[in-house]
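Heads up: the structure comes next, in structure tokens.
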Amino acid sequence: MNELGFPILSLMMAVPMAGALLCLFASAPQARQVALVATLADLVLGLLLWLNFDQSAGHAQWQFQEYAPIFGRFAWAMGIDGIALTLIALTVFLMPICILASWDSIEKRVGEYMAAFLFMETLMIGVFAAQDLFLFYIFFEAGLIPMYLIIGIWGGVNRIYASYKFFLYTLLGSVLMLIAMLWMAREAGSTDIPTLMAYSFDPKVQTWLWLAFFASFAVKMPMWPVHTWLPDAHVQAPTAGSVILAGVLLKMGGYGFIRFSLPMFPEASAQFAWLVFGLSMVAVVYTSLVALVQSDMKKLIAYSSVAHMAIVTVGLFAFNQAGIEGAMMVMLGHGLVSGALFLCVGVIYDRLHTREIDRYGGLSINMPKYALLFMLFTMASVGLPGTSNFVGEFLALMGVYQASSWVALVATTGIILGAAYMLYLYRRICFGDQKNADAAAMPDLSPRELVMLVPIGLSVLWMGVYPESFLAPMRADVQAIVARMAPAAPEGDAKLTAGKPHAAPAEHENHEATNEHGGPETAAEAH
């Protein structure tokens, strides 16, 4: 039992699971309704979770904890901190939108399709809420199964190839992680994640443990060069599959780095920081250039996701608060914006049944509402001030600069290239001459499509205008991770020590102290 008097995290997992079982035995119209009701119920529970989360100074790091022993060391152990809270909120927010996106486009085996999505929601919440090592692993790996089925059954022409590639890449990387987990449980005598986060593993052993976890999380992010499964998976997946893949599943890799690699293996994280920086710099530039030459809208957005996730990894391994907070905000912002962009692609694909960019043009004439919302998400993707991605990218790059000015410079080129390929895409889709009569005859957004896109648009603006509402819940938890990593933090080439405040402006330290009860001023607020 926890603060609310009932096990809310278990309930948030039970609701979609029950809905999934009902969908399997329901007709197509009933399955759609059950799935929508179940995801909306989880959204209400997620809102209740957010409103009752204690953000005050000095609050306990782990809240809403539940514990029930199962056998041996294995237990049903659930609980969240501010980092997990924000990712659970992102999950329950996107799921009803995914159900609406599939309302008309999925016509075969509707019950099984809705059940797969609801089952996946259960597993995604479990990943972020699990506090037992092996419980986390079960949820982390089981999440592959419904996505594999969604791509393989309801995907495009090459769906079988894409689903196998997705499954094998992500599964093989996790075998090493399981071996590392078994060793950690024996060494520490516990499978409790909070206990392991405070345990000091031998620095020599940390190297191997870090590499084992890296093999799994790097594929999940995905990092270059193990990113090649992502474009195929996105192109072949149905629209809602692409939304949840980009919006939530990719974030599991970043969450793994925050929850395991950085606090449990700080010395190894410092040792391999430049490996992460090197791979991320290649990813930012290379995948952005590849995105520039794509003719398929989904592939372009998929490659842009790899570039954005590279900003996340450099921010996480900057070893300071600005970098990690920025990485979290990029994950949240990217989850909203990339999901919305895939929805925008799905809207016109449902009308014309092609994703070729050259088949469109001038849609702002006959689809002005669509063009307006598409423009908002395009601007957010390139980091326009006042939108969600700007806050995260600004914080992450500021944190990276403290670790390495050169890495920050290269990472910034990704934002410039991002503006190039996204604005180029928007111009070819929405502006110019209407060369094709069928595209010129497409109707504007329906009420259902507006209900899908408008809430995401409002959230993108909310994050950009008032980021503190998302930074506040996670601030204390990020500070705890930075404090844990501080002894191992490397010196940056910008003459700043990662993980510690800038030594020069003393007035910043005083200002931070005066705001202790209301939360220290972040870089985003200062900006």
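The values are calculated or read from the model by the stated rules, or taken from the named source; none is laboratory data. Computed from a predicted model, the values in this text were never measured in an experiment. All Cβ positions, even for glycine, are placed from backbone atoms using ideal geometry, and neighbour counts span all protein chains on display. Only protein heavy atoms, including side chains, enter the accessible area calculation; ligands, DNA and RNA are left aside. Shrake-Rupley method; radii C 1.70, N 1.55, O 1.52, S 1.80 Å.
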Looking at Tyr164 and the list (1) without any contact (Cβ under 8 Å) to a residue 24 or more places away in the chain; (2) touching an Asp or Glu at 6+ places or on another chain (Cβ under 8 Å), which single condition is not satisfied?
(2)
Condition first: under 19 Å from Met485 (Cα atoms) and out of contact with any Phe, Trp or Tyr (no Cβ under 7 Å at 6 or more places or on another chain). Now tell me which residues in the stretch 213-254 satisfy that.
Phe214, Gly254
Consider Thr195 carefully, then state whether it is open to solvent by 10 Å² or more (accessible area, probe 1.4 Å), of a type in the set (Ser, Thr, Tyr) and on the phi < 0 side of the Ramachandran plot.
yes
Within the stretch 207-227, restricting to residues that are open to solvent by 10 Å² or more (accessible area, probe 1.4 Å) and among the small types (Gly, Ala, Ser), the one that is nearest to the chain's Cα centre (by Cα) is Ala215
Of (1) closer than 18 Å to Tyr164 by Cβ; (2) of a type in the set (A, V, I, L, M); (3) assigned to a helix (DSSP H, G or I), Val226 fails just (3)
Looking only at the stretch 337-356, count how many residues are in contact (Cβ under 8 Å) with a residue 12 or more places away in the chain and either open to solvent by 10 Å² or more (accessible area, probe 1.4 Å) or charged (D, E, K, R) (or both).
6
Do we have Leu90 as out of contact with any Pro (no Cβ under 8 Å at 6 or more places or on another chain), aliphatic (A, V, I, L, M) and buried (at least 16 other Cβ atoms within 10 Å of the Cβ) here?
yes
Could you check, for the stretch 300-316, whether at least one of its residues is open to solvent by 10 Å² or more (accessible area, probe 1.4 Å) and part of a loop (DSSP other than H, G, I, E, B)?
no
Taking the stretch 404-414 as the region of interest, how many residues are open to solvent by less than 40 Å² (accessible area, probe 1.4 Å), in contact with an Asp or Glu (Cβ under 8 Å, 6 or more places away or on another chain) and part of a helix (DSSP H, G or I)?
1
